[in-house]
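Engineer: Before anything else, here's the structure in question.
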Amino acid sequence: MKYTGNKNIPGVIEFLINRLPKSERYFSLFMGGAGLENSVYTQDITFYCSEKDKEQWKNKGKNFVIWECYRSLIEDNVFTSEDFIFADPPYMISTRRSKKKIYKNEFTVPDHIEFLNYMISSTAKIMITHPRCDLYDEKLKDWSIEEFKYMTRGGIFHDALYTNYNPADIELMNYKCLGNDFTERQAIKRQRHNIIKKFKKMNKHKKEAIIIELKKNKLI
């Protein structure tokens with residue numbers, strides 16, 4: 001939680017999970033504090049990660065397969081549309097509130113360009129977190145973009161999510177935290193509970209009739 005840029009904070013982690021596709025393999029190019037990778041929602045997933053700062057390899061709560069450099073991870077794997085890549089690179093200094101270097105391994109503008117060129121040439125499903133800026137908007141102009149914000153010690157920070165897929169069209173990895181905020185998530189949980197409760201009380205034939213109708217309308 002103390003790692004700068006960690007995404008495992010209330011509101012943010014749910015926002016990401018609700019856009020995380022069900023995939024055969026999961027990759028993370030800049031593990032950092034492993035906020036998404038080690039969250040309660042992804043605890044059963046094996047992540048193949050890269051992280052230059054070896055201090056971040058320790059005490060993550062579960063085993064990760066780790067490369068020291070994201071370039072090596074990419075070169076060592078053949079990606080398909082059934083793979084998922086999460087990338088939370090060091091943000092461009094111009095997009096930071098402090099306008100200062102904060103990481104042991106920072107990215108220069110050429111580093112960002114090289115990274116983005118890798119991403120737009122990949123066949124995997126990709127999710128990138130980075131504040132909106134001219135470079136990312138131009139390089140990822142054909143991608144879906146969603147802006148989101150969260151509270152930091154310095155105040156509200158405006159971030160963005162870039163995906164090369166439409167989050168509304170995918171099968172999710174996890175449906176435990178559906179909803180845009182706590183109130184909506186609680187309402188969805190109650191609704192889901194009530195539907196299941198009613199379904200359980202039905203006799204066998206009524207249950208089968210509903211299942212057949214759902215299949216007929218391609219809802220399951």
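Since every read-out is calculated from the coordinates, none of them should be taken as a lab result. Keep in mind that this is a model prediction, so the values were computed, not measured. Every residue, glycine among them, receives a Cβ derived from its backbone with ideal geometry; neighbour counts consider all protein chains shown.
Engineer: Rounded to the nearest 0.05, what FRET efficiency is calculated for residue 52 and residue 183 with R0 set to 41 Å and r the Cβ-Cβ distance?
Structural biologist: 0.55
Engineer: How large is the Kirkwood hydrodynamic radius of the chain, in angstrom, based on all distinct alpha carbon pairs?
Structural biologist: One over the average 1/r among Cα pairs gives 19.2 Å for the chain.
Engineer: I need the shape label for region 99-160. Rule: rounded when a/c is under 1.5, else prolate if a/b > b/c, else oblate, with a, b, c from the alpha carbon gyration tensor.
Structural biologist: It is oblate, given that a/c is not under 1.5 and a/b is not larger than b/c.
Engineer: Could I ask something else about it? Hey, can you grab everything whose amide H is under 5 Å from the amide H of residue 7? Only 5+ residues off in sequence or another chain; H modelled, so Pro and N-termini drop out.
Structural biologist: Hits under the 5 Å cutoff: 35, 36.
Engineer: Separate question: Enumerate the amide H contacts of residue 148 below 5 Å, restricted to partners 5 or more residues apart or on another chain; note that Pro and chain-start residues carry no placed amide H.
Structural biologist: The list, which skips near neighbours in sequence, is 159, 160, 161.
Engineer: Now a separate question. Stretched out fully, how many nm does the piece from residue 171 to residue 135 gain, at 0.36 nm a residue minus the Cα gap?
Structural biologist: 10.0 nm
Engineer: Could you pull out every residue, at least 5 positions away or on a different chain, whose amide H is within less than 5 Å of the one on residue 85? Hs are placed 1.01 Å off N in the peptide plane, and Pro or chain starts have none.
Structural biologist: 27, 125, 126, 127
Engineer: Is the shape of region 154-220 best called rounded, prolate or oblate, per the rule: a/c under 1.5 gives rounded, else a/b larger than b/c gives prolate, else oblate, with a ≥ b ≥ c the square roots of the Cα gyration tensor eigenvalues?
Structural biologist: Oblate shape, in that a/c is at least 1.5 and b/c is the bigger or equal ratio.
Engineer: Please work out the FRET efficiency for the pair residue 149 and residue 220, using the Cβ-Cβ distance as r and a Förster radius of 45 Å; give the result to the nearest 0.05.
Structural biologist: The computed FRET efficiency comes out at 0.80.
Engineer: How far is helix 182-201 tilted, in degrees, relative to the longest principal axis of the Cα atoms in the chain, given as a value from 0 to 90 rounded to the nearest 10?
Structural biologist: Its long axis makes an angle of about 30 degrees.
Engineer: Around residue 125, what is the net charge, scoring Lys/Arg as +1 and Asp/Glu as -1 over all other residues with Cβ under 13 Å from its Cβ?
Structural biologist: -2
Engineer: For the chain, with a Gaussian network of springs between Cα atoms less than 10 Å apart, report the residue from 52, 204, 189 with the top mean-square fluctuation.
Structural biologist: 204
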